[in-house]
Structures are given as C-alpha cells and as structure tokens.
Amino acid sequence: MKIELAVKERIILLNILKGMQGDIFLLKVMKKAIDDIGFSEEELTNLNFQFDKESGQTTWTEEEAGSEFEIDDIIVNKIKENFKSMNEKRQLGLDHLSIYEKIVGD
C-alpha cells in the first residue's frame, strides 16, 4: 500500500508499530516498516527536531508536503486490526484520525 504521511502521522504510526507484537517473521517485516517510515539524519536536521525536557514535547519545522511510503500488506492488515481494536475500546484520539482514514477508511 502506498501512503502519504506528514511528519506527525509518521511519528504516530511509528509509535503504533513499535507497540505491536507478533512472531519473528512479523517482527522482521515490522522492523523494515519502522526503518522505512523513520527519519533519516538529514530529515532530522532539516526538520529541526527539538525536545523540550520540561514539557516532554517534541517540536519540528513542518515540511509543506508529506512523504510517500510503501507499506507491506502484512503490516497494513496488522495496523487495521490494531485500529479496529482501539476503536472498539474507544481508545482512539484525534491524532489517530487522519491515519485511520488513510489505512482503514471511513
């Protein structure tokens, strides 16, 4: 699945992926997705990521356009399962909405 993600969506999706569990095959596929979606040193510099120790918040200079990624269907299905479970448990937040709509749909 090709998907365009903004910086904030990438961070949220990385957090979701890092919290998922599975067998060794799934873990290897997840690791590749995390590496692909993650930020290069150049991106970190260009986006000027800053971490505020007092507030615990990370800020950055948002780029104008998102970046496109190819996510393996196995990972897409696991993300869908995760989102559907979060939805049933009413654990979704507004930060999840745009990614949910891109991956799961309406």
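With a ≥ b ≥ c the root eigenvalues of the C-alpha gyration tensor of the chain, is it rounded (a/c under 1.5), prolate (a/b larger than b/c) or oblate? Verdict is prolate for the chain. In degrees, nearest 10, range 0 to 90: what is the angle between the Cα axis of helix 7-19 and the longest Cα principal axis of the chain? Once rounded, one gets 50 degrees. Under the combined filter of DSSP loop state and at most 12 neighbouring Cβ atoms within 10 Å, the stretch 55-106 retains these trypsin sites (Lys or Arg not before Pro): LYS89, ARG90. Longest span of the chain, sites excluded, free of GluC sites (Glu not before Pro) in DSSP loop with at most 15 other C-beta atoms within 10 Å? Counting only loop sites that pass the neighbour cut-off, the longest clear stretch is 1-53.
Fully extending the segment from PHE69 to GLU41 would add 8.3 nm, taking 0.36 nm per residue of separation and subtracting the current Cα-Cα distance.
Any read-out appearing in this document is the output of simple, stated calculations on the displayed coordinates, not a laboratory observation. All of these numbers come straight from a predicted model, not from anything done at the bench. Please note: Cβ atoms are built from the backbone with ideal geometry, for glycine as well, and neighbour counts cover all protein chains shown.
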